[in-house]
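All remarks here apply to the structure that follows.
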Amino acid sequence: MKRSLEEARRLIETDKTLAGFTLSLEGDELHLSKGDECFVRLIPEEESGLWWIEYFHNEKRWERIDFTGSLAACLELLAESPHYLYWDR
């Protein structure tokens with residue numbers, strides 16, 4: 001998991017949309033935050049090497065995005081879809 005965290009941090013640092021976000025490891029999940037607010041989490045699938053994304057919908061509940069892919073593909077989707085990054089609306 002440490003390798004995934006390091007990979008994700010490198011990808012975030014090079015993307016202008018995601019560069020201001022903090023990435024942390026919470027159990028097996030990677031959480032994207034800005035300040036003390038976490039609105040996106042990346043969750044690995046068992047044994048497949050793929051990930052899915054959940055975002056904090058209207059600050060009430062976690063909602064899964066209908067997408068599964070590599071860690072890089074998940075971060076790319078978030079960078080291209082700022083409506084999932086609640087604080088950037």
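Hey, among the residues in the range 1-11 that are open to solvent by less than 40 Å² (accessible area, probe 1.4 Å) and among the aliphatic types (A, V, I, L, M), which one's nearest to residue 76 (Cα to Cα)? Working first, answer last.
Going through the range 1-11, the residues open to solvent by less than 40 Å² (accessible area, probe 1.4 Å) turn out to be 4-5, 8.
Remaining after also requiring among the aliphatic types (A, V, I, L, M): 5, 8.
Values: 5: 15, 8: 11 Å.
Per the stated criteria, the residue is 8.
Any chance you could count how many residues in the range 68-89 are in a helix (DSSP H, G or I) and modelled with pLDDT of 75 or more?
Total meeting the criteria: 10.
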The range 9-45, residues that are within 19 Å of residue 64 (Cα to Cα), among the aliphatic types (A, V, I, L, M) and within 10 Å of the chain's Cα centre (by Cα):
23, 30, 32, 40, 42, 43
Which members of the range 46-67 meet the condition of being outside any strand (DSSP E or B) and within 14 Å of the chain's Cα centre (by Cα)?
50
Quick check on my filter: what residues within the range 12-27 are open to solvent by 40 Å² or more (accessible area, probe 1.4 Å) and either among the acidic types (Asp, Glu) or more than 16 Å from residue 81 (Cα to Cα) (or both)?
13, 14, 15, 22, 25, 26, 27
What's the total number of residues in the range 8-24 that are of a type in the set (Asp, Glu) and in a strand (DSSP E or B)?
0
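The values are calculated or read from the model by the stated rules, or taken from the named source; none is laboratory data. As the structure is a prediction and not an experimental result, all values here were calculated from the model. With ligands, DNA and RNA removed, areas are computed over all heavy atoms of the protein, side chains included. Shrake-Rupley method; radii C 1.70, N 1.55, O 1.52, S 1.80 Å.
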